[in-house]
Amino acid sequence: MSIKEYFVSIFKGFYSLIKGMEVTGKELVTPKVTEQYPENRAELKIPERFRATLEFIYDDKGYHKCIACGSCERNCPNQTISITKRMVDLPDGKKKMKLDKYMYDLGSCTFCGLCVQVCPTNAIKFSNDFEQAVFTREKLNKQLNYLPEKDDAPAPAPAAKPAAPAAKPAAPSPEKPADAPAKAAADETKQEPKENKE
């Protein structure tokens, strides 16, 4: 190595040191962003899109939209989701697939969001509740359909048939008046004496 190359390498090393100290010097004067957790839990703001844990979406009446199709289970790369389903008979005589257990292993979840994207009914979502620390791995296995299952809505009662109108008395036909039998009997009595005379 020549003397020129020696001094060039020293200059390059000194230049890289100055560039590194420039970044460090900027951080010394910028405001600190350290979160004093858990002391600041009351004013802590978690972004809405933060993926913390998977959960079911329940409505006000306690119903969920899961139809037990298994799309989330098939698309999960780590087999984090395990679905148990059963066939039930509906009041109208048809059969329907119903969810029995929806098990979710938080310990093996990669929070990729594929299960939420492929759900055809938007029955699941990721919450932003990041406080999920536990002392044993078994507690990371969660059953997402934790609310008791609601019975299927009963079949609607058949509509009551309208009452039949009261039967009207049959009007006598113009061809056969009501006193026609009496007249016929009178005619026969008149004809009988004539036959006896003969």
Report the FRET efficiency, 1/(1 + (r/R0)^6), for K98 and K32, where r is their Cβ-Cβ distance and R0 is 45 Å, rounded to 0.05.
0.25
Can you compute the modelled spin-label distance between Y58 and V118, with each label point 7 Å from Cα toward Cβ, in nm?
2.7
Electrostatic dipole magnitude of region 53-143 [Cβ: Lys, Arg +1; Asp, Glu -1; Cα centre; debye, to 20]:
380
Just subtract the alpha-carbon distance of D129 and Q79 from 0.36 nm times their residue separation and send over the number in nm, one decimal.
15.8 nm
Over all directions, what mean area does the Cα convex hull of region 42-82 project, stated in square nanometres?
4.9
Please work out how much length the chain gains when fully extended from M87 to L140, using 0.36 nm per residue of separation minus the C-alpha to C-alpha distance, in nm with one decimal.
16.2 nm
Greater than 19 Å apart at Cα, pairs in K65/K98; K65/K139; K61/K142; K101/K139; K85/K142; K65/K96
K65/K139; K61/K142
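No value in this document is a laboratory result; all are computed from the given coordinates. Computed from a predicted model, the values in this text were never measured in an experiment. When we count neighbours, we look across all protein chains shown, and the Cβ atoms used for this are built from the backbone with ideal geometry, even at glycine.
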